[in-house]
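Enquirer: Sharing a structure below in structure tokens format, with a few things to ask.
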Amino acid sequence: MSNTDVAPSEVARRVEEEETEDLFILDVRNEDDYEEWQIPGSTNIPVYDELLEDDYSTLESHLDELPEGEEIIVVCVAGVTSSRAAEFLRERGFDAKSIDSGMNGWGRVHRQYDLENVDGIVQIVRPGTGCVSYLVHDDNEAVVVDPSQYVDQYLNAADDRGLEIVGVADTHAHADHVSGAGRLASELDVPYYLHGDDAGELDGVTELEDGETIPVGNRELDVIHTPGHTPGSVSFRFDDGLLSGDTLFLRSVGRPDLEDSSEEAVREAAGQLFDSLDTLTDLEDETVVLPGHFSDEEIRPLATELGKLQQETTNELLSYVKDDDEKAFVETIVESLADEPANYNEIKQINWGKEQPGDDAEALELGPNNCAAN
């Protein structure tokens, strides 16, 4: 990385910590790409195609829209075109840099949070994709839950805390990102835990069932089978923490159409999801919900007590569960499903063990996750 580039992790830190008073993020990608997926607070001037042809005329015509007294961070797809745009701006007196690896790099950023209200859980968030994973630990042992394909993130997190990873688990077969669970478990020669209904053709899986436990130090992860998003979705209870995977989010619930999108199948899976959420909402109000995804929530760590979540009005689908209105729950889901996650069929094939990840594994999962029901 050159001294005219900035690491995407540093941009993520500054955005999250609201150190953006003197920072202007300029996204030069095409408008459609920007509208689908962008860095929060960025501004789009769509000149990407022109810059590829060494044509800076449109960018030059927008110079009066750029702040002269602020640092300008330029982002494109992979960091090459934005680097040239930043150089063009520097030649005209702007303090401009380029995000290293562009939006590809943004999608690889992971940030760690030690939870204060639940002892023994580290939350690892990917701000560029909305994916959330966990390092659950006790007495120098740890279990990784829902790891991304960037397994070094979890090895380093464990090493930094003096922990030995003794197991790896997925709450379900993911549709939005390539799981690193099998690879990480294989490298460390530890169990890979996954419910049998989501195991597909994977080898060497330790299949989970409802009511079982996963040992970690002197404590355990309690397994709660919560089908609906997928047939084998589970949630994990760890003392006061509930790792709810893609069953329950803070503002929505997991969509039930990524296994079979026919209306009959979606309605059946939505009914299962309703029952699963009914089970989770019977837990104590003090239970801290730790989801597998987020959308635009700014709270970090991403955590809310179950009782508070049920009292709020930001999760309409959960309110139907509270009111025992399964019909309204199912109808709302059927009527409000958004676009599927990008490349989700190919990602599912990889996570089921039916295909091997190729050179495009990183690119497959870039973009918004779209795993929520609405």
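Enquirer: Applying the selection to segment 39-56, what residues are touching a helix residue (DSSP H, G or I) at 6+ places or on another chain (Cβ under 7 Å) and either open to solvent by 50 Å² or more (accessible area, probe 1.4 Å) or over 30 Å from Val125 (Cα atoms) (or both)?
Expert: Pro40, Gly41, Pro46, Val47, Glu50, Leu51, Leu52, Tyr56
Enquirer: Further question: Scan segment 14-32 for residues that are within 17 Å of Thr129 (Cβ to Cβ) and modelled with pLDDT of 95 or more and jot them down.
Expert: Asp27, Arg29
Enquirer: Select from segment 20-33 the residues that are surrounded by fewer than 19 Cβ atoms within 10 Å (Cβ to Cβ) and either outside any loop (DSSP other than H, G, I, E, B) or among the aromatic types (Phe, Trp, Tyr) (or both) and list them in ascending order.
Expert: Hits for segment 20-33 are Leu23, Glu31, Asp32, Asp33.
Enquirer: Given the residues Glu36, Glu87, Glu17, which is the only one that is without any contact (Cβ under 8 Å) to a residue 40 or more places away in the chain and open to solvent by 60 Å² or more (accessible area, probe 1.4 Å)? Spell out the reasoning first.
Expert: On the way: Glu36 fails: without any contact (Cβ under 8 Å) to a residue 40 or more places away in the chain; Glu87 fails: without any contact (Cβ under 8 Å) to a residue 40 or more places away in the chain.
None of the others qualify; the one that does is Glu17.
Enquirer: Could you run through segment 1-18 and say how many residues are polar (S, T, N, Q) and either touching an Asp or Glu at 6+ places or on another chain (Cβ under 6 Å) or within 17 Å of Tyr113 (Cα to Cα) (or both)?
Expert: 1
Enquirer: Just to be sure I understand, how many residues within segment 140-186 are at pLDDT below 95 and among the small types (Gly, Ala, Ser)?
Expert: The number of residues fulfilling the criteria is 1.
Enquirer: Would a scan of segment 292-314 turn up a residue that is surrounded by 14 or more Cβ atoms within 10 Å (Cβ to Cβ), touching a strand residue (DSSP E or B) at 6+ places or on another chain (Cβ under 8 Å), of a type outside the set (S, T, N, Q) and farther than 26 Å from Val15 by Cα?
Expert: Within segment 292-314, one or more residues are surrounded by 14 or more Cβ atoms within 10 Å (Cβ to Cβ), touching a strand residue (DSSP E or B) at 6+ places or on another chain (Cβ under 8 Å), of a type outside the set (S, T, N, Q) and farther than 26 Å from Val15 by Cα.
Enquirer: Which residue is surrounded by the fewest Cβ atoms within 10 Å (Cβ to Cβ), if the candidates are limited to segment 242-267 and must be touching a residue at least 12 places away in the same chain (Cβ under 8 Å) and acidic (Asp, Glu)?
Expert: Filtering segment 242-267 for residues that are touching a residue at least 12 places away in the same chain (Cβ under 8 Å) and acidic (Asp, Glu), the one surrounded by the fewest Cβ atoms within 10 Å (Cβ to Cβ) comes out as Glu263.
Enquirer: What do you reckon, is Leu194 more than 17 Å from the chain's Cα centre (by Cα), under 24 Å from Asn370 (Cα atoms), in contact (Cβ under 8 Å) with a residue 12 or more places away in the chain and buried (at least 17 other Cβ atoms within 10 Å of the Cβ)?
Expert: Judged against the criteria, Leu194 is a match.
Enquirer: Please go through segment 62-84 and pick out each residue that is open to solvent by 10 Å² or more (accessible area, probe 1.4 Å), in contact with a Leu (Cβ under 7 Å, 6 or more places away or on another chain) and either of a type in the set (Lys, Arg) or over 14 Å from Ile25 (Cβ atoms) (or both).
Expert: Arg84
Enquirer: So the check is Cβ under 8 Å with 6+ separation or different chains; which pairs have a first residue in segment 224-241 that's closer than 15 Å to Asp119 by Cα and open to solvent by less than 40 Å² (accessible area, probe 1.4 Å) and a second one that's basic (Lys, Arg) and not in a loop (DSSP other than H, G, I, E, B)?
Expert: Taking only residues 6 or more apart or on different chains, the pairs are Phe238/Arg219.
Enquirer: Give me a count of the residues in segment 209-244 that are closer than 20 Å to Val166 by Cβ and within 18 Å of the chain's Cα centre (by Cα).
Expert: Final tally of qualifying residues: 3.
Enquirer: Among the listed residues Leu280, Leu290, Leu306, which satisfies the condition of being within 17 Å of the chain's Cα centre (by Cα), at pLDDT 95 or above and closer than 22 Å to Cys131 by Cα?
Expert: Leu290
Enquirer: Another question, then. Could you tell me which of the residues Glu207, Glu201, Glu187, Glu164 is open to solvent by 60 Å² or more (accessible area, probe 1.4 Å), under 28 Å from Glu340 (Cβ atoms) and touching a helix residue (DSSP H, G or I) at 6+ places or on another chain (Cβ under 9 Å)?
Expert: Glu207
The values are calculated or read from the model by the stated rules, or taken from the named source; none is laboratory data. Given the structure is predicted, the values throughout are model-derived calculations rather than measurements. For neighbour counting, all protein chains shown are included, and Cβ atoms are generated from backbone atoms with ideal geometry for every residue, glycine included. Protein only, heavy atoms only, side chains kept; ligands, DNA and RNA dropped before computing areas. Shrake-Rupley method; radii C 1.70, N 1.55, O 1.52, S 1.80 Å.
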